[in-house]
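First up is the structure itself, then whatever we jot down about it.
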Amino acid sequence: MNAQLRTPIKIARGLGSAKTGAHHFMVQRITAVALLGLGVWFVWIVLSMLHMDYAAARSLIAQPLNAVLMLAFIVALFWHAQLGLQVIIEDYVHAHGLELGLQITVKFLCFLGAAASVLAVIRIALATAPLGS
Amino acid sequence: MPDTARPLSPHLTIYRWQIQMMTSIVHRGTGIFLALGSALVVWGLFALASGPDAFASVRAFCESWIGLILLLGWTWSLAFHLLNGVRHLLQDIGLGYEPRQFVRNGWLVTIGSFVLTALVWAAALAQRGGA
């Protein structure tokens with residue numbers, strides 16, 4: 001009967017949404033809640049940087065609290081963006097090769113964006129701490 | 001384009017227009033646009049880490065006509081996506097599903113997004129004027 005000598009559960013396991021289906025949904029909501037606060041904070045930071053010169057703007061982000069919140073904002077932003085773009089591609093791109101290519105491209109770009117931003121914040125936060133003042 | 005030839009629902013051609021169609025597709029549209037805007041966040045932070053010259057070129061881009069139009073678009077997109085996101089979170093815990101409420105808070109989110117955009121830009125202009 002079973003040419004592959006596998007039990008039905010072995011064949012079914014890992015397919016469909018069993019057990020892990022809600023994970024994507026939950027992380028999308030958790031990052032959304034995080035971005036509610038962090039997004040408002042980010043707009044406020046940008047507004048307060050408008051009239052600052054370079055040194056003042058840099059030392060604003062270098063403040064430990066702002067640096068930590070900026071790191072949190074970056075991680076939540078790119079994680080949420082990746083999850084959302086993934087769903088949009090799943091819904092509208094029906095050609096398998098193109099869909100796979102787009103999904104991988106979006107994941108790579110989101111990771112690179114997050115990594116580059118995190119590195120920048122670390123450079124800002126560490127360079128000015130002992131030397132600047 | 002689809003690999004499969006299965007029939008698709010013809011819903012878009014037979015339903016009369018409703019506010020929830022707009023909020024749904026605009027939520028996705030603003031999401032894509034905001035994801036593109038994350039490039040400016042990366043560029044801005046990189047410039048801030050690099051030095052005054054790089055920071056000046058980001059500022060010059062933001063103050064150009066294209067930059068200002070994009071920033072206005074990103075402000076409104078963030079306002080809409082944020083407010084409609086709250087609406088989605090409330091729907092996720094079972095609130096606001098009554099048809100009248102559903103339509104009303106769709107309009108609230110839409111109008112609120114323009115009000116929020118106006119407030120942020122008023123604050124920005126006041127900053128520039130005061131400095």
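The values are calculated or read from the model by the stated rules, or taken from the named source; none is laboratory data. All of these numbers come straight from a predicted model, not from anything done at the bench. Heads up, the Cβs are rebuilt from the backbone with ideal geometry, glycines too, and the neighbour counts pull from every protein chain shown.
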Query raised in the report: Among B:Ala35, B:Ala79, B:Ala49, B:Ala39, which is the only one that is of a type in the set (Gly, Ala, Ser) and over 19 Å from A:Phe78 (Cα atoms)?
Result: B:Ala49
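Report yes if some residue within the range A:98-106 is surrounded by 11 or more Cβ atoms within 10 Å (Cβ to Cβ), β-branched (Val, Ile, Thr) and not in a helix (DSSP H, G or I); otherwise report no.
no
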Report task. Would you check if B:Trp17 is exposed (fewer than 13 other Cβ atoms within 10 Å of the Cβ), part of a loop (DSSP other than H, G, I, E, B) and of a type outside the set (Val, Ile, Thr)? Result -> yes
Report task. Answer yes if at least one residue in the range B:8-27 is under 26 Å from B:Cys62 (Cβ atoms), in contact with a Gly (Cβ under 9 Å, 6 or more places away or on another chain) and at pLDDT 95 or above, and no otherwise. Result -> yes
Query raised in the report: In the range A:97-128, how many are over 19 Å from A:Ile30 (Cα atoms), touching a residue at least 24 places away in the same chain (Cβ under 8 Å) and either touching a Phe, Trp or Tyr at 6+ places or on another chain (Cβ under 8 Å) or facing chain B (nearest Cβ under 7 Å) (or both)?
Result: 4
Report summary line: B:Arg28 vs (1) within 26 Å of A:Ala57 (Cβ to Cβ); (2) in contact with an Asp or Glu (Cβ under 9 Å, 6 or more places away or on another chain); (3) surrounded by 16 or more Cβ atoms within 10 Å (Cβ to Cβ): all pass except (1)
Requested in this report: Could you list, in sequence order, all residues of the range B:92-131 that are surrounded by 13 or more Cβ atoms within 10 Å (Cβ to Cβ) and in contact with a His (Cβ under 8 Å, 6 or more places away or on another chain)?
Outcome: B:Gln127
Query raised in the report: Which ranges mark the helices (runs of 4 or more DSSP H) fully within the range B:44-131 that have 2 or more residues being away from chain A (no Cβ under 11 Å), over 26 Å from A:Ala114 (Cβ atoms) and not basic (Lys, Arg)?
Result: B:65-92, B:99-130
